[in-house]
1. Using a 1.4 angstrom probe on the protein heavy atoms only, could you order 664, 671 from most to least accessible area?
2. State in Å² the accessible area per residue of the range 249-380; use a 1.4 Å probe, count heavy atoms of protein chains only, and round to the nearest integer.
3. For the range 185-220 and the range 402-470, compute the distance between their C-alpha centroids and round to whole Å.
4. Run the quick spin-label model on residue 222 and residue 375: label points 7 Å from Cα toward the beta carbon, then report their separation in nm to one decimal.
5. Between residue 583 and residue 329, how high is the FRET efficiency from 1/(1 + (r/R0)^6) when r is the Cβ-Cβ distance and R₀ = 41 Å? Nearest 0.05.
6. Measure off 7 Å from each Cα along the Cα-to-Cβ vector at residue 76 and residue 54, then give the distance between these two points in nanometres to one decimal.
7. Suppose R0 equals 30 Å; then what is the FRET efficiency for residue 749 and residue 710 from their Cβ-Cβ distance, rounded to the nearest 0.05?
8. Would you mind calculating the gained length between residue 539 and residue 121 on full extension (0.36 nm times residue separation, minus the Cα-Cα distance), in nm to one decimal?
Amino acid sequence: MSDDRSSDALHKAAFLGPKGENAGELERLLLEVLRDHVFWRRNFHPRDPRLIDERDKRTEAFDDMSARLRDELSQILAELKRAAPLYSPRQVAHIVSDPSLPAFVGYFAGLLYNQNNVVAEVSPETVREERAYFTALAEMVGYPTFLPETLPRDARTRRSAYSWGHLCSGGTVANLEALWIARNIRLYPLAVRLVAEETDTFASFADLEVTTATGERTALHHLSTWRLSNLPIDEITDLHLRIKAALSDGPPERAEAFQEVLPSVRNAGLASFLLRYNRAFPGDPARLPKVLISQATHYCWQKNMDLVGLGADALESLPVDDRIRLDTNALRERLHECIENKQPVLGVVSIVGTTEEGAIDPLHEIEAVRDEVGDAGLTFWHHCDAAFGGYFSSLLPKTEDGGFVPSEQLDNDLVGPEGLLSADNAEALSSLPDTDSITIDPHKFGYVPYPAGAVLFRDYHVRDAIAYKAPYLADEDQAGFGGFLGQWTLEGSRPGAVAVSCYLSQAMVPLTPDGHGRFMRNCIEANQQLFEALTHRFAATEGDLELRPFHRPETVAFCFVVAPEAGVESVASLNDYTNRVWQQMTVDGREDINQYAFLLSRTEIDVDDYTHVLKDMLPADVLREAAGDGESLTLLRTCLMNPFQTDWNADEGSFAEQVADFLYDVALEEYVAHTMPPVPRPNTTRHPILVVEQTPRAQEGLARYLEHDEKVVAHFDVRSCSAAELKDVADRLSAVRNIVLHLDPSAPSQARRIAHWLVAEADVAPEHLLAVATNQGADGVDVTAPLADLGVPLRNVILESELATSARRLMLQLNSRRDATAEPVP
């Protein structure tokens with residue numbers, strides 16, 4: 001390892017370490033947690049009897065159970081070792097990370113107490129820890145102050161600037177709950193109009209005044225279905241609070257009666273509600289609302305649309321721009337079409353951290369579009385799916401009042417052309433406070449164990465839209481983040497262990513630029529270095545393989561294909577090649593995980609949807625044919641979430657260089673195997689080549705390596721000689737059109753003499769002379785210049801540190817020349 005030491009050692013103290021370097025500390029902490037827990041058990045009513053005594057431990061049943069447990073555990077531990085080594089920097093495949101040390105210890109502590117955060121009465125401490133974590137999470141994204149444990153007595157009937165949220169099992173559930181709340185909120189004004197129409201008792205509610213999207217103040221009964229469907233979000237929650245306040249001034253029976261007759265979508269179901277509403281207002285019917293999202297969406301959104309009754313068809317995918325972000329021009333155009341056609345829009349979903357590219361949608365532009373169409377009478381709920389990338393916001397500093405520092409005031413190494421984030425990505429993250437709800441996954445970039453998702457809402461009042469009470473659990477109306485939490489969450493039972501894990505994680509590593517932001521910085525820097533290394537590695541091998549990025553990475557993910565420089569015949573053939581490369585770099589249950597050098601993943605995109613992005617990756621005719629046939633393109637994908645990857649600088653190169661070298665070697669090996677099958681086609685002639693090296697057929701010689709490769713001997717007749725023997729075989733050189741010099745870079749003068757003799761005296765054409773040099777650059781000597789002076793083309797000179805890589809590149813060169821060689825040698 002390099003002796004250079006980073007001054008930033010936060011991540012080195014915060015994780016177990018790729019080699020378990022902090023195992024001693026973890027062992028001490030886990031033992032302390034266990035002993036403390038046992039002490040607590042023993043001292044709860046210490047005079048209670050011991051129910052497992054030493055005689056029980058000596059019984060046959062006890063021994064049998066203990067032995068079987070150890071056996072089964074041993075087997076499971078052995079099998080778990082076939083899993084992906086997620087702790088290792090070599091894992092660059094998936095959106096998954098090694099849990100931090102505080103998160104791991106906190107989870108273990110929480111497991112021992114087995115708390116359920118459904119209600120504070122059962123789990124008071126873990127509920128408080130959940131609230132503490134969400135206080136920090138709300139601060140990180142710029143939301144209002146998080147809900148206190150207890151509210152003022154009148155807070156539920158007036159506007160209070162508190163945010164709300166809670167832990168859940170993951171991003172799918174978090175997105176589902178946001179969609180569920182948005183559906184109920186957006187349809188609430190229609191339910192009030194309907195109840196006022198159908199019941200004399202509550203007919204007066206139709207006279208309540210509201211402020212429309214265009215700023216007009218008018219009574220509910222003056223508004224059409226379209227205008228009611230487009231009341232601003234805050235106006236809808238204000239309407240709810242005013243109705244609640246009016247009901248609270250009367251007898252409890254009146255409030256109960258309203259709740260019973262309110263024909264909300266919660267009570268009636270979406271289909272029944274719309275049918276009932278349209279029967280009441282046949283001349284002004286309601287339509288099923290749409291949800292708009294970019295085509296880079298996660299597949300969970302289709303499932304969630306199904307679950308809330310809107311149906312997957314109501315989810316409209318919009319195009320992305322050439323940076324794989326939601327195209328806000330397409331969004332604007334579609335929303336104006338909705339205005340023209342009176343098509344209600346439930347919400348627009350932005351993404352911070354797309355699954356493929358880690359791209360950040362331009363939230364600031366989406367908000368500008370929301371203001372624009374709002375002036376034209378259309379409103380929508382803005383949910384941000386930041387399950388993957390929400391923690392990127394921890395990179396950005398805050399002002400004293402809690403807002404984000406404007407991007408133009410940030411340091412150039414953070415924001416700008418040479419910074420970690422582009423200016424528009426920083427501006428997008430700074431617009432998170434303007435959204436109505438956000439999904440963030442602590443079990444992704446929060447470095448917390450599964451399952452840990454989080455959903456946040458800018459205004460806590462919206463939780464009333466899904467409130468359900470269980471009569472057997474206590475609750476008070478002034479409960480903030482306390483009491484019976486289950487009435488406001490989709491999931492009832494929620495593990496307290498996750499709350500402890502999240503809390504301890506952020507207590508040790510705050511969600512700020514100097515804390516968690518440093519982890520994000522490391523990962524983005526590592527991805528930038530990997531992109532540069534991959535680009536350099538493939539660019540240095542002219543004539544072989546090309547790296548073709550899907551898009552230049554902007555955060556921690558990168559999608560690309562490797563393609564032969566000669567061209568791509570079809571998407572199907574390219575996919576076949578890509579899959580063969582991926583199979584060499586994916587987990588497949590091998591017993592020895594050391595066989596995995598580096599791990600990456602793959603993903604698929606629809607060619608027709610991404611034609612505008614793929615125009616520089618694929619030939620026009622191939623792209624046109626694939627789009628017409630509805631084909632998908634398979635992409636290789638890296639995702640860097642390990643903060644140790646920037647620390648890895650070994651003697652054989654940096655982490656990024658090693659990944660790039662390995663990927664190139666695998667891609668080259670698979671390409672050679674495809675173009676040169678070990679069993680040649682019928683009537684294939686073996687072409688002669690001559691290898692000139694210091695010691696022919698030496699153990700580490702090129703000729704010996706080629707002779708032991710079945711693909712080479714199937715297609716070529718490999719001959720060899722030393723430099724001293726060249727003049728003796730001069731009369732036979734004409735029968736060998738391709739001569740390969742295996743050069744020693746430490747002896748450039750000898751290489752120059754041999755090459756000069758072959759070209760000047762043996763009349764070998766420079767274009768038929770190839771040179772292979774291994775360990776190039778060990779002493780700073782360049783062997784390419786003297787060869788170039790003799791007219792040897794640059795692409796004929798193969799410089800690699802490994803003989804195997806040199807041989808594969810040579811094989812491709814020779815294979816491409818076979819059709820141009822002389823007539824077969826008998």
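1. Listed by decreasing accessible area, they come as 671, 664.
2. Working: 5530 Å² over 132 residues.
I get 42 Å² per residue for this part.
3. Rounded to whole Å, the Cα centres lie 33 Å apart.
4. In this crude spin-label approximation the distance works out to 2.3 nm.
5. On the way: r = 40 Å, r/R0 = 0.97.
Using R0 = 41 Å, I get an efficiency of 0.55.
6. 3.0 nm
7. Details: r = 37 Å, r/R0 = 1.22.
Computed FRET efficiency for residue 749 and residue 710: 0.25.
8. Values: separation 418, 0.36 × 418 = 150.48 nm, distance 6.31 nm.
In short, 144.2 nm is gained.
The values are calculated or read from the model by the stated rules, or taken from the named source; none is laboratory data. Note that the coordinates shown come from a computational prediction; the quantities given were computed from them, not determined experimentally. Counting neighbours? That spans all protein chains shown, and the Cβs are built from the backbone with ideal geometry, glycine included. These area figures cover heavy atoms from the full protein model, side chains too; ligands, DNA and RNA do not enter into them. Shrake-Rupley method; radii C 1.70, N 1.55, O 1.52, S 1.80 Å.
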